[in-house]
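Only one structure is covered here, and it is reproduced in the block below.
All of the numbers you see were taken from the coordinates with simple rules; none came from a lab. No experiment lies behind these values; they were computed from the predicted model shown. FYI the Cβ positions are ideal-geometry reconstructions off the backbone, even for glycines, and counts take in every protein chain you see.
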């Protein structure tokens with residue numbers, strides 16, 4: 001599947017699961033957090049976070065909002081990367 005086939009567009013934002021995962025990983029590392037720490041702060045399972053960061057699973061909106069909260073960000077700040 002090509003990248004253009006994976007890209008979704010919702011609410012005027014273009015993204016794919018791999019882009020979201022890579023960005024979450026980048027933010028987590030910048031905050032010097034382990035996957036375990038971010039998963040705990042987010043209230044999600046560590047395996048869910050691992051699959052999300054790898055881009056092998058597209059996170060549900062509620063899961064993504066929990067991760068964004070665990071990163072101490074506002075959703076608008078997070079999605080600004082994808083504009």
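Brief remarks follow.
- The stretch between residue 65 and residue 82 holds 4.6 nm of extra length on full extension. This uses 0.36 nm per residue minus the Cα-Cα distance.
- Extended-chain gain in nm, criterion 0.36 nm per residue less alpha-carbon gap, residue 34 and residue 57: 6.4 nm
- Normalised alpha carbon radius of gyration of the range 3-82 [divisor 2.2 N^0.38 Å]: 1.01
- Residues 47, 42 arranged by fewest to most Cβ contacts within 10 Å: 47, 42
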